[in-house]
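Taken together, the values in this text are just the output of simple stated rules run on the coordinates, not laboratory data. These figures come from a predicted structure and were not determined experimentally. Cβ atoms come from the backbone with ideal geometry, glycine included; neighbour counts cover every protein chain shown.
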Amino acid sequence: MSINYRLGVLGYLAHPELSAESAHGVSGNYGTLDQMEALRWVNKNIEAFGGDTDNVTIAGESAGALSVMYLMASPQAHGLFAKAIVQSGYMVSSPELKRKALGQYSGEEWGVYLAQKLKTKNLSALREMDAQALVKGAALAGFTPLGIVDGHVLPDQMVNIFDRGAQAQVPILAGFNSGEIRSLKVLAPKRPAKSSTYDAEIRDRYADLADEFLRLYPSSDMQESIYATTRDALYGWTSERLVRKQTAVGQNGYLYIFDHGYPKADKAGLHAFHASELPYVFGTINKTPKLWPKIPHTATETDLSNAMLDYWSSFASTGVPTTSNGPNWPAYGAQKAYMMFGDKPEASTKLMLGMYELHEEAMCRRKSSGEHPWNWNAGLASPNLAQDNMKCP
């Protein structure tokens, strides 16, 4: 089932006057609270539909995957679900409610700024605005709907919650697509005219990490390296971090990468693009949206979809992804196992050696400095990460 919840500024606006109205002195996170309420409804009513209150799985892709991680991180949601699926999730930093942190304005400061941009004097005036005008105006003003670290709904940055093992103790299935940024080019920095400029920029920004960065993302193919850098800083690192952290607390984690292409997508330069796994997971390869590159009616496509549908549905049912149409999918574990979905599923180990470690260190240095967020500002868009006095394990 899917649920309705407040999006954008309606779901994540923080403001001092909203905080003053709250019994907990907080604001923002309304969309996440809506999701929790929907889960409570499911827990109260699912048995009437033949469901099991103790066997609820939450799943999301992209922004939906971010929602899943917020629910895993929030103590208020713990116990409302038994398993989690995160497809193309991104464990980015969040603004704090009342103070500037990690180079970001506080949530309440953003709310005051937005009210000024919309030419409203107070909360009452904001509420009197036409809802569509408010949503559009907020987007034009640059408002980014993110969870707010308020000490109540979201107690801390997600990376800290997962580091402490304070997240929901549930099995997880998580992964990303090899071509994420091919359809999200707005997230990638501009390619320099010369490879020497690329190398120099990376050495300046990544300091002692530059050699490893350039091994993973060489200037020999700058455009592909730029796409891969942004993909891994957002989606690859997050996927592996999730399965590592669940493994550390004694839960099974199942990691995947979707690297499947087909003629019309590949011809359009969209090999394994963002969200392209969804028709395979849901068995809707013959019912894609109008502008979606058409998936051919072949045995390869059908077999891959059948296998992925089996893996996902069996995980939702039992916590273990299985199929009769493909290989056994081992948990991440000590072998760092993962599943590659190309033309067919193939199990392997040690995905993109060094990828996780590089982006984990980059995140840790930003967090340690307290001056920089972590999101799509990687590679050529990264702040200087010289170690200096930063303390990372």
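At q = 0.09, 0.11 Å⁻¹, work out log10 I(q)/I(0) for the chain with the Debye formula, treating every Cα as an identical point scatterer and leaving solvent out; two decimals please. Once normalised to I(0) and log-transformed, intensities are -0.56, -0.86.
For the residues 259, 130, what sequence is obtained by ranking on other C-beta atoms within 10 Å, fewest first?
Working: 259 16, 130 9.
Taking fewest neighbouring Cβ atoms as first place, the list is 130, 259.
Modelled label positions at residue 300 and residue 164, each set 7 Å beyond Cα in the direction of Cβ, lie 4.9 nm from each other. Note on residue 130 and residue 22: the model spin-label points, each 7 Å out from Cα along the C-beta direction, lie 3.0 nm apart. Phi angles of segment 294-310 translate, via the Karplus equation with coefficients 6.51, -1.76, 1.60 and θ = phi - 60°, into HN-Hα couplings of 5, 7, x, 8, 10, 5, 4, 5, 5, 5, 5, 4, 4, 5, 5, 4, 5 Hz per residue; Gly and Pro are given as x.
At a temperature of 37 °C and a viscosity of 0.692 mPa s, determine how fast segment 1-158 diffuses translationally according to Stokes-Einstein, using the Kirkwood radius over alpha-carbon pairs as Rh; express D in µm²/s, rounded to the nearest whole number. Result for D is 200 µm²/s.
Tally Lys and Arg at +1 and Asp and Glu at -1 over the other residues with C-beta under 13 Å from the C-beta of residue 334: what net charge comes out? Can you show the working numbers first?
Values: positive: 244, 336, 350; negative: none.
Around residue 334, the charge tally is +3.
Considering only C-alpha atoms, what is the centroid distance from segment 1-65 to segment 196-228, in Å? Centre-to-centre (Cα) distance: 40 Å. For residue 287, a cut-off of 21 angstrom between C-alpha atoms picks up these lysines, skipping any fewer than 8 places away in its own chain: 264, 267, 344. Listed by chain and number, the aspartates and glutamates whose C-alpha is less than 18 Å from the C-alpha of residue 290, apart from same-chain residues fewer than 8 away, are 266, 277. For the peptides 25-38, 48-61, the ranking by packing is 25-38, 48-61, with the highest mean count of neighbouring Cβ atoms within 10 Å listed first.
Projecting the Cα atoms of 265, 169, 38 onto the charge dipole of the chain, computed from C-beta unit charges around the Cα centre, puts 265 farthest toward the positive end. Rounded to the nearest 0.05, what FRET efficiency is calculated for residue 119 and residue 259 with R0 set to 56 Å and r the Cβ-Cβ distance? So, using R0 = 56 Å, E works out to roughly 0.70. Taking every alpha-carbon pair in segment 294-367 and binning the separations at 10 Å intervals from zero gives 18, 36, 27, 17, 3 percent. Subtracting the Cα-Cα distance of residue 212 and residue 37 from 0.36 nm times their residue separation leaves 58.5 nm of extension gain.
Give me the Kirkwood hydrodynamic radius of segment 113-169, using the inverse of the mean 1/r over all pairs of distinct Cα atoms, in Å to one decimal.
The answer is 13.7 Å.
Over the chain, dividing the summed -39,500 (n - 2.57) contributions of all DSSP H runs of at least 4 residues by the number of residues returns a 222 nm mean residue ellipticity of -11500 deg cm²/dmol.
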